[in-house]
Amino acid sequence: MFEDYLEDSFHFVSAAVKQTNEREAKRYYRASVFCAINALEAFTNYIGDAFAQSASLEAYEIAFLTDKKFEPVGGEFKTTEVAEYQRLEDKLRFLIGKFVPSFDFETMPCWSRLIEFKKFRDSLTHPRQDGDETTVGEYKAKIRLGMSSIIEIINHLCKGIFKRPLRKKLLELKI
């Protein structure tokens, strides 16, 4: 599903660029932002589910990735069906730290750009003002950096976990 969301995000940006009406362009850009972050969330959930099926990680790690509570049950710790949601950034930090040990969160531009892009998405999801003050140019710049960061991070994880890069058609999605 994450691949569809990446392609959807690209589709909405392409539609936004063609718009002459500012309001219409912003609609497409917002949809693109939401799809891009959803792609990263879907990818992270896919990884968590894959590890849950293979049981190749510790139970508490799988619980963390799949948003399940890991708690004492009858004298031992078990994963329960109780939801305990984790932040996307925390899941990514765990996965990158475990499978891409050379990744430096302090110096890798894709990480800081992702965090900024997620803050931007959060500001759209939970607006503090009545109107959309973001210009079309700002949308275009933010989605370009955000989308490229998301693709780069997913690619790092694919190489670290699966020992192969993200599909070429997704790596070529350039805004």
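The values are calculated or read from the model by the stated rules, or taken from the named source; none is laboratory data. This is a predicted model, so every value here is computed, not measured. All Cβ positions, even for glycine, are placed from backbone atoms using ideal geometry, and neighbour counts span all protein chains on display.
Laid out as a table, the results:
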{"item": "In the stretch 7-22, the residues that are in contact (Cβ under 8 Å) with a residue 24 or more places away in the chain, under 21 Å from K118 (Cα atoms) and either hydrophobic (A, V, I, L, M, F, W, C) or surrounded by 20 or more Cβ atoms within 10 Å (Cβ to Cβ) (or both)", "result": "S9, F10, V13, A16"}
{"item": "Residue ID - modelled with the lowest pLDDT, chosen from residues in the stretch 121-167 that are among the acidic types (D, E) and farther than 16 Å from E3 by Cβ", "result": "D130"}
{"item": "Among the candidates F103, F2, F99, F94, residue that is within 22 Å of R113 (Cα to Cα), aromatic (F, W, Y) and buried (at least 20 other Cβ atoms within 10 Å of the Cβ)", "result": "F2"}
{"item": "Matching residues in the stretch 151-170 - criterion: being surrounded by 15 or more Cβ atoms within 10 Å (Cβ to Cβ) and closer than 14 Å to D8 by Cα", "result": "I151, L170"}
{"item": "Search result, residues across the stretch 61-78 that are out of contact with any Phe, Trp or Tyr (no Cβ under 9 Å at 6 or more places or on another chain) and among the basic types (K, R)", "result": "K68, K69"}
{"item": "Residue ID - nearest to N155 (Cα to Cα), chosen from residues in the stretch 111-141 that are charged (D, E, K, R) and without any contact (Cβ under 8 Å) to a residue 12 or more places away in the chain", "result": "K119"}
{"item": "From the options A63, A42, A25, residue that is more than 26 Å from D132 (Cβ to Cβ), touching a residue at least 12 places away in the same chain (Cβ under 8 Å) and assigned to a helix (DSSP H, G or I)", "result": "A63"}
